[in-house]
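Have a look at the structure below, then the notes.
The values are calculated or read from the model by the stated rules, or taken from the named source; none is laboratory data. Source: prediction; values computed, not measured. Glycine gets a Cβ as well: all are built from the backbone with ideal geometry, and neighbour counts include every protein chain shown.
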Amino acid sequence: MSLTRVVSALNKNKIFRFMSSVRLAVPTMLILCFFVGWGTILESLYNAEYASLMVYKSWWFSLFMAVLWVNIFCAPLSRYPFKRHQIGFVTTHIGLLILLAGGMVTTRFGVDGQLQVMEGGSNSMVSLPRLMVGYQNEGSPSVQKLSFDRSLSHMDASQLEFINKELGAWFRVVQYIPFAKVEKSYEARPGLSDEASVSFILKSQFFNVTEWLSTDAEPEKQMGPATLKIIKGIYSSSVKNESVKKAPAKKVSDKKRNPSANAAAEDIVTILDAKTGKLLQQVSVAKMLSKPLRVNGVEIVLKKKLSNAIVASNKLTEGDPGGSNPALEFEMTKDGETKREVSYSKHENFSLHPEGAFGLRLQYKSAGSAAPVEGHEVQVAQTAVANATAANFAESRPGGNVIEFHIPEGGEQKVQVVLFKNGEFVQEAFLRPGENMQTPWMGMQVFVGSIIRGSQSAVVARPIELEKKSNLPPSAIELNVDSSQPSVWLSEGEEKEILVNNKKIHVFYGRENLALPFEIHLQKFSKIDYPGTETPMSYESLVKVNGRGESIKISMNEPLKTDGFTVYQASYSLPPNAPPISVFSVNKDPGRFWKYLGSVILSLGVIIYTLMKSRFYRAKKGA
């Protein structure tokens, strides 16, 4: 069957006539123009990568482009066999078809990534827009990699099945968050922990930060204009600092004590493994005062024993005789390095080294403070201890602004927020989650977030908003091994070890990389600013390819072309106390020839079409 008969049969088909008609071409092109305009606005507001993911690489944009290509193909085909006056029309459409095909080849097979090189260093690994999950079994030299396109939508396990099928039984990706911040948090583990944690927000016209405090891991933080602490127990604001220090605690009747328990009681120091909490050794304070103790290669010397410890001039010293705050001061030495440690009987989780000193944690139990009391004497004793503790806090507070979060007894969801300035009490308030109070300095507000009792640390990911005119925030994935282990969160560029069937697996999550057939060595990066500003007027890099040959300058308008790749100067980074980093855009465009060819044919078709519509051509044809 001849092509003429095929086209004649197609022209009788309603679908073909619609696909080749102007009725389809005009709305399709208008829709594409609208989306291209939208993509241009998004690129100016955010960045090129966001606009590409949102518009140009979306499935619906590709669908409209495919519809346009079919329309352009069917339009000249419907006019076969071609007449002489249709040459310009047909040539123009052939040029458009080749041009669009070249764009599709570039999208499918092209390379567009970033290469970062530090001044004085070399690099050949290009970071691509696609994401990758890589893993390596313990003892195996090979690395398995699974790549997938970045999405701007949240995905759960059912939508990630295409990855989990390839992973097999090692682990599963159960969640994907497009813009996320992976951070340390805390979760309730009643019965497993007696610690407490609180999240808070500090907000002013200069900053807005969210952080956690924990009685175990992070009891104190320095943030901008204030020191923040978390403390178990209520602070009594009615007791002023000076009067508190002078107020003696009431004596508790010895008749109410358990005499047998007192006889057997003894001051004890417990040495624990800082990571696992495993008990290593228990020894009496009397024994440690007589000679040093050696545990896991660490020599522990008890330097001071105090019955009412306070901090004065950054030193631990004895306070008023009526107070009660038993404490021990130690000197710990290992391999010639010495560290100071302090242990309070009433604050067993306090440590100068939250992660442990040489891998050890010391806890002090005083026989006197542990003795039980009964009846009215319990309340009297608690008041005396609270007063002495408040006095100690007042003495130990640093100068400047201090914000304390006091966790009351019981399970009520509230926290006592106490403010101090230069060691003096300013104000207090009992706040529930979501409530806030104003500080008397810098117009700062303190918002209480979550209050968790029986808390343990956990790593979580929370979605974050995309900021204008900035790079895309990193994405994050959640890995699940089995029900006996907690989930593992990985942010872009992060790697962790997980345990599967008693075998270690090294897992990496981040951008897919491409090794270039050449290496860029950055000799010098230079930047010229507009006079009187820090806005760059121009910036360029002096490089060598493979570290050999003549130096080559790469600037915003002078790219480097080698081995089929084009290297553009894209941006830069100036880290503090480190050499500058030049950021190059690396591009490989296999559809470039076809796009150029299509453009030439399209231009030729427009010229032919214009000439054949001109008066000159009509007059010559009429002659």
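Tallying residues that are under 18 Å from VAL209 (Cβ atoms), β-branched (Val, Ile, Thr) and assigned to a strand (DSSP E or B) within region 419-446 yields 1. Can we say SER147 is outside the structural domain of LYS57 (by TED's automatic domain parsing), of a type in the set (Ser, Thr, Tyr) and either at pLDDT 90 or above or touching a strand residue (DSSP E or B) at 6+ places or on another chain (Cβ under 9 Å) (or both)? Taking the combined requirement at face value, the residue satisfies it. Within region 299-311, residues that are at negative phi reach partners that are charged (D, E, K, R) with beta carbons closer than 6 Å, at six or more positions or on different chains, in the pairs VAL301/GLU331; LYS303/GLU329; LYS303/GLU331; LYS304/GLU329; LEU306/GLU318; ILE310/GLU395; VAL311/GLU395.
Applying the condition of being part of a helix (DSSP H, G or I) and among the polar types (S, T, N, Q) to region 18-40 and asking which residue is surrounded by the fewest Cβ atoms within 10 Å (Cβ to Cβ) yields THR40. Scanning region 572-592 for residues that are part of a strand (DSSP E or B) and more than 11 Å from SER541 (Cβ to Cβ) gives SER573, SER585, VAL586, ASN587, LYS588. Identify all residues within region 462-480 that are of a type outside the set (Asp, Glu) and within 28 Å of ALA570 (Cα to Cα); write none if there are none. ILE464, LEU466, LYS468, LYS469, SER470, ASN471, LEU472, PRO473, PRO474, SER475, ALA476, listed by residue number.
Would you call ILE464 surrounded by 17 or more Cβ atoms within 10 Å (Cβ to Cβ) and of a type in the set (Val, Ile, Thr)? No. Pairing each residue of region 14-28 that is in the same structural domain as ARG79 (by TED's automatic domain parsing) with any residue that is not in a helix (DSSP H, G or I), provided the two are 6+ apart or on different chains, yields C-beta distances under 6 Å for SER20/SER78. Within region 77-97, identify whether any single residue is surrounded by fewer than 14 Cβ atoms within 10 Å (Cβ to Cβ), hydroxyl-bearing (Ser, Thr, Tyr) and either part of a helix (DSSP H, G or I) or over 29 Å from the mean Cα position of the chain (by Cα) (or both), and answer yes or no. So far as region 77-97 goes, no, none of its residues is surrounded by fewer than 14 Cβ atoms within 10 Å (Cβ to Cβ), hydroxyl-bearing (Ser, Thr, Tyr) and either part of a helix (DSSP H, G or I) or over 29 Å from the mean Cα position of the chain (by Cα) (or both). Kindly establish whether LEU128 is in contact with a Gly (Cβ under 7 Å, 6 or more places away or on another chain), within 24 Å of LEU53 (Cβ to Cβ) and either in a strand (DSSP E or B) or not assigned by TED's automatic domain parsing to the domain that holds SER541 (or both). Answer is yes for this residue.
Look at GLU512 and say whether it is part of a strand (DSSP E or B), over 31 Å from the mean Cα position of the chain (by Cα) and among the acidic types (Asp, Glu). No, not satisfied. No other residue among SER450, SER457, SER538 is without any contact (Cβ under 8 Å) to a residue 24 or more places away in the chain, over 27 Å from LEU131 (Cβ atoms), in a strand (DSSP E or B) and among the polar types (S, T, N, Q) apart from SER538.
Would it be correct to say that GLU424 is of a type in the set (D, E, K, R), in contact (Cβ under 8 Å) with a residue 24 or more places away in the chain and in the same structural domain as SER127 (by TED's automatic domain parsing)? Spelling it out, it is not the case that GLU424 is of a type in the set (D, E, K, R), in contact (Cβ under 8 Å) with a residue 24 or more places away in the chain and in the same structural domain as SER127 (by TED's automatic domain parsing). Looking at LEU100, LEU152, LEU131, LEU96, which is the one that is touching a Pro at 6+ places or on another chain (Cβ under 6 Å) and under 27 Å from MET65 (Cβ atoms)? It is LEU152.
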